[in-house]
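Have a look at the structure below before the remarks.
The values are calculated or read from the model by the stated rules, or taken from the named source; none is laboratory data. Because the structure is a prediction, the values reported are computed rather than measured. Quick reminder, even Gly has a Cβ in these numbers, built from the backbone with ideal geometry, and neighbours come from all protein chains shown.
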Amino acid sequence: MGPYTGRSLNISNEINGILLNPNCEFELNFIPLNTLGQWFKLININEKDNNYNNKDFIKTSSIYEVNKAFEKSLIDWLPEFNKI
């Protein structure tokens, strides 16, 4: 139920996809899926900017910061509470 964490942006060169194990309660998936989206967006930005030095090291213009991603996803989630 927390933010997506523990994965380097470098992993995108080594995998073909990501499998998540979502909760049965749809609403509880907001934070993990939102932060995964932020992580994935940074991979795309860094690949587009051609910031890869080699497959083991990434020079990033944008770095995924878990705490900032978590705070942003909480802010993004707040409007959902007004829909109840």
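Contact annotation: residue pairs with Cβ atoms under 7 Å, 6 or more positions apart or on different chains, pairing a residue in region 1-28 that is on the phi < 0 side of the Ramachandran plot with a partner that is surrounded by 11 or more Cβ atoms within 10 Å (Cβ to Cβ) and of a type in the set (Ser, Thr, Tyr), are PRO3/THR35; PRO3/SER73; TYR4/THR35; LEU9/THR60; LEU9/TYR64. Among the residues of region 49-71, those that are closer than 25 Å to LEU19 by Cβ and either in contact with a helix residue (DSSP H, G or I) (Cβ under 8 Å, 6 or more places away or on another chain) or modelled with pLDDT under 80 (or both) comprise TYR52, LYS55, ASP56, ILE58, THR60, SER62, ILE63, TYR64, VAL66, ALA69, PHE70. The lone criterion from (1) under 17 Å from the mean Cα position of the chain (by Cα); (2) at pLDDT 90 or above left unmet by LEU78 is number (1). Picking from residues in region 14-32 that are loosely packed, with under 14 Cβ neighbours inside 10 Å and assigned to a helix (DSSP H, G or I), the one that is modelled with the highest pLDDT is LEU28. Can you find even one residue in region 4-13 that is loosely packed, with under 10 Cβ neighbours inside 10 Å, modelled with pLDDT under 80 and part of a helix (DSSP H, G or I)? No, that holds for no residue.
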